[in-house]
Amino acid sequence: MFFCTSFGVCESTKKCQSKSRHGPDDFGTPGLVACGSGCLDLQAGTGASHPSNTTRLFDLRGTLSIPIFQGGSVHGDVLQAEARLEKSHERLDNLRAQIDSDMRTALLNRQSSADLVNVARSDIHLSEETLIQSSDRFTAGVTDTVEVVQAQEAMASAHEQFISGLYNYNYAKVSLARAIGLAEQSTKEYLQGK
């Protein structure tokens, strides 16, 4: 008859397994876990349970953990982490390049829009002078009303081009502010012509 039952052995085994499970295996390094338990075995047929008639039994268990196959898993995890890091570096570089490209494009668009506004202003002045000359010629009786109407149409077209150019210029300034990262703060400032 054993004083230590199978429950005691199972409990001891469970403790050993839980220690070995949460031991060095989790970190990919070799490890050794040892557990033990003791029991008293009374001699069958003696009829008395006297300590001199007992035999001592010991249960010693050990777990040696050498993570041979886990090395590839750890190496794979390291490679995945490095790949994720490399991917984030590439995204950052792409974002930098995109911001640089957006800023250059916005600056070029603003400059070309400003040039178009200046050309539209000079077209307005030219069309006003043409209208004045056409009106003077009509008043002098040199031409008919067709030339005056054409001069008025040219002046109206010049004003429309100026308005369109001014809109494109303001849009280019807002795009530049957005590319710089100051769109919300600087939109009013850029639209006021500063």
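Each reported figure results from applying straightforward, stated rules to the coordinates on display, with no laboratory input. Fair warning: this is a prediction, and the values are worked out from it, not measured in the lab. Heads up, the Cβs are rebuilt from the backbone with ideal geometry, glycines too, and the neighbour counts pull from every protein chain shown.
Points worth noting:
- Between His75 and Ser157, the contour length at 0.36 nm per residue exceeds the Cα-Cα span by 22.4 nm.
- Peptides 135-143, 84-92, 115-123 ranked from most to least packed by the mean count of surrounding Cβ atoms within 10 Å: 115-123, 135-143, 84-92.
- Amide H to amide H distances under 5 Å link Thr143 with Phe138, where only residues 5 or more positions off or on other chains count and H is placed in the peptide plane.
- Theoretical gain in end-to-end length, Arg61 to Asp93 [0.36 nm per residue, Cα-Cα removed]: 5.9 nm
- Farthest positive-ward along the stretch 102-191 dipole, Cα basis, beta-carbon charges - from Val117, Val142, Leu182: Leu182
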